[in-house]
Amino acid sequence: MRGSIRCRQVCPQCGQRGRYEPKTIRLKGKRPVEVLSCECGRWADAAIEIRVKWQNRLHTVTHDKSGQAFSSYDEACLALAQISEEIMEGSFYPELWTPSDVNGLLWQNYYRAYLDHERERLQPDREASLAKKVSIGRHLSWFNGQNIRELRTGQIEDFDLHLKKKGLAPKTRSDVLTELRFILKRALRRQDIARVPEFPAVRVPEKEIAWYNQEQQQRILERLPEEHRSIFSFMFTYGCRVNEATALCWDKVDRDNGIFYLARTFSRRKLLERPKARPNVLPICEEFATYLQSITPGLGVTPVFRNPEAHNRERFYLEDQLRKLFSIAVGAAGLPQIPLKNATRHSLGMQAINVHQWGIEAASRILGHTSLAHTRKYARAGTGLVRELLNSKVRTLSPRKIEGAGSGG
């Protein structure tokens, strides 16, 4: 075994320093234990440390890999055996054997540093994403005291079982495990760990998609104030996100070529470019072209849909105002209340796949999905329409008892 175990403390009984040696003691009613005892025999097991030579340097280890100081000679012996094994395997890192408050690879410290990095990355424009990460962090504290380099597949499975026992819904479990996987993949990219453990699959039941057909959308449009109908008609037609419609500016409209670009969004009332996603290039349809011809064109970053009630100079619409207008119109139309995104984006997806029989690729193209998997949810949800039709047919054809009918034959 490489290294040695020693005590650095001055004995409070005899005043000697470093004159300690292993000794077996027998306490009444307990099994014999090995301690590091001073030569005077009146003091033992205080300020234990391991001395080990590695890469031509002498290293002093006073804490285990969970950041706790050695509390007994037995603990130090086990640690020295583990260090010797790690040296033989080439996996010994002295920085892992440090106090918990300075060990950057202990989960609680690593996660704290990760969250600080995410705050710098996400604030101030993506506060909602940051808030979700902070909320998920409450569950990830389960790993406190563990070294990130020693996380294994079994521990991830045990953690998932812990989440199940807490009664977390499949979607929440999936979100927590997704965040944990993201952290570990980032750690791998930063070369803080050598591999990412395998993660259990979590099956999340798909929610039924609430949506409106075109006739219902038309009823809503008719009950909206006339000065606000254009932006709602645009969202119903193109199925874009609400903040994509409010952020559409004249510099992204190419009337000569009959196209426009959905390339911006709003976040916390700030106009933002979409840095990672390519702009969704869409054709100017007849209805949108008619609207563009009816208004005075703007210049540069000025909104295509100007809010006549806005107090800001640019007259951008705000999502909260559109939601309020929409909710009032839905109530006036006597329709069930659903989120505005469902009434626009999801409604176009459901209509395209299940009513107009568009192909998956065509629907994905207009919605600007980066993966067909996002579009296929509308096809899967469409089975509910088929089920309703079949159930209706079964009710129509249900056998009825006919008086006087014979057995036939």
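The values are calculated or read from the model by the stated rules, or taken from the named source; none is laboratory data. Bear in mind that the values here come from a model prediction, so they are computed numbers and not experimental data. In this analysis, Cβ positions are derived from the backbone assuming ideal geometry, glycine residues included, and neighbour counts consider all displayed protein chains.
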Can you give me the number of residues within segment 231-257 that are more than 16 Å from Asn280 (Cβ to Cβ) and surrounded by fewer than 20 Cβ atoms within 10 Å (Cβ to Cβ)? 4
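For segment 290-310, state whether one or more residues are within 26 Å of the chain's Cα centre (by Cα) and not hydroxyl-bearing (Ser, Thr, Tyr). Please lay out each step first, then the result.
From segment 290-310, those within 26 Å of the chain's Cα centre (by Cα) are none; that's our starting set.
Scanning segment 290-310, I find no residue that is within 26 Å of the chain's Cα centre (by Cα) and not hydroxyl-bearing (Ser, Thr, Tyr), so the answer is no.
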Filter segment 50-68 down to the residues that are out of contact with any helix residue (DSSP H, G or I) (no Cβ under 8 Å at 6 or more places or on another chain), surrounded by 14 or more Cβ atoms within 10 Å (Cβ to Cβ) and on the phi < 0 side of the Ramachandran plot and list them by number. Arg51, Thr62, His63, Ser66
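Which residues, counting only those in segment 331-346, are in a loop (DSSP other than H, G, I, E, B) and over 31 Å from the mean Cα position of the chain (by Cα)?
If the condition is that a residue be in a loop (DSSP other than H, G, I, E, B) and over 31 Å from the mean Cα position of the chain (by Cα), then Gly334, Leu335 are the ones that fit.
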Pair list, Cβ < 9 Å and 6+ apart or interchain, from segment 62-90 residues that are farther than 23 Å from Leu151 by Cβ to residues that are part of a helix (DSSP H, G or I): Phe70/Ala76; Phe70/Ala79
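Any idea which residue in segment 205-230 is surrounded by the fewest Cβ atoms within 10 Å (Cβ to Cβ), counting only those that are aliphatic (A, V, I, L, M) and over 30 Å from Leu168 (Cβ atoms)? Explain how you work it out, then say what you get.
Step one: list which residues in segment 205-230 are aliphatic (A, V, I, L, M), which gives 209-210, 220-221, 224.
From what's left, over 30 Å from Leu168 (Cβ atoms): 220-221, 224.
Details: Ile220: 22, Leu221: 17, Leu224: 21.
Here the answer is Leu221.
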With within 25 Å of the chain's Cα centre (by Cα), at pLDDT 85 or above and within 23 Å of Asn243 (Cα to Cα) as the only criterion, which of Gly368, Gly349 stands out? Gly349
Filter pass, Glu215 being out of contact with any Lys or Arg (no Cβ under 9 Å at 6 or more places or on another chain), among the charged types (D, E, K, R) and either without any contact (Cβ under 8 Å) to a residue 12 or more places away in the chain or farther than 30 Å from Leu271 by Cβ (or both): yes
Give me a count of the residues in segment 223-239 that are touching a residue at least 24 places away in the same chain (Cβ under 8 Å) and more than 20 Å from Asn354 (Cβ to Cβ). 10
Go through the residues of segment 123-146 one by one and say whether even a single one is free of Cβ contacts under 8 Å to residues at least 12 places away in the same chain, surrounded by 12 or more Cβ atoms within 10 Å (Cβ to Cβ) and of a type in the set (A, V, I, L, M). no
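Is it true that Ala194 is small (Gly, Ala, Ser), under 17 Å from Gln155 (Cβ atoms) and surrounded by 17 or more Cβ atoms within 10 Å (Cβ to Cβ)?
Values: small (Gly, Ala, Ser): yes; under 17 Å from Gln155 (Cβ atoms): yes; surrounded by 17 or more Cβ atoms within 10 Å (Cβ to Cβ): no.
Criteria not met by Ala194.
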Residues that are modelled with pLDDT under 90 and touching a Gly at 6+ places or on another chain (Cβ under 9 Å), at least 1 per element: which helices (runs of 4 or more DSSP H) completely within segment 92-171 meet that? 107-122
Look at Leu184 and say whether it is in a helix (DSSP H, G or I), surrounded by 16 or more Cβ atoms within 10 Å (Cβ to Cβ) and not aromatic (Phe, Trp, Tyr). yes
Within segment 310-330, restricting attention to residues that are assigned to a loop (DSSP other than H, G, I, E, B) and in contact (Cβ under 8 Å) with a residue 40 or more places away in the chain, which residue is surrounded by the most Cβ atoms within 10 Å (Cβ to Cβ)? Tyr317
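I'd like to check which strands (runs of 3 or more DSSP E) are fully inside segment 7-57 and have at least 2 residues that are modelled with pLDDT of 75 or more. Reasoning before the result, please.
Values: elements: 20-25, 33-38, 48-54.
Filter on segment 7-57 gives 33-38, 48-54.
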Which of the residues belonging to segment 174-189 are touching a residue at least 40 places away in the same chain (Cβ under 8 Å) and closer than 19 Å to Arg112 by Cβ? Val176, Glu179, Leu180, Ile183, Arg186, Ala187
Failed item, numbered, when Val281 is tested on (1) surrounded by 15 or more Cβ atoms within 10 Å (Cβ to Cβ); (2) within 18 Å of Arg345 (Cα to Cα); (3) in contact (Cβ under 8 Å) with a residue 40 or more places away in the chain: (3)
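Kindly indicate whether Gln293 is outside any helix (DSSP H, G or I), exposed (fewer than 15 other Cβ atoms within 10 Å of the Cβ) and not small (Gly, Ala, Ser).
Values: outside any helix (DSSP H, G or I): no; exposed (fewer than 15 other Cβ atoms within 10 Å of the Cβ): yes; not small (Gly, Ala, Ser): yes.
Against the criterion (outside any helix (DSSP H, G or I), exposed (fewer than 15 other Cβ atoms within 10 Å of the Cβ) and not small (Gly, Ala, Ser)), Gln293 does not qualify.
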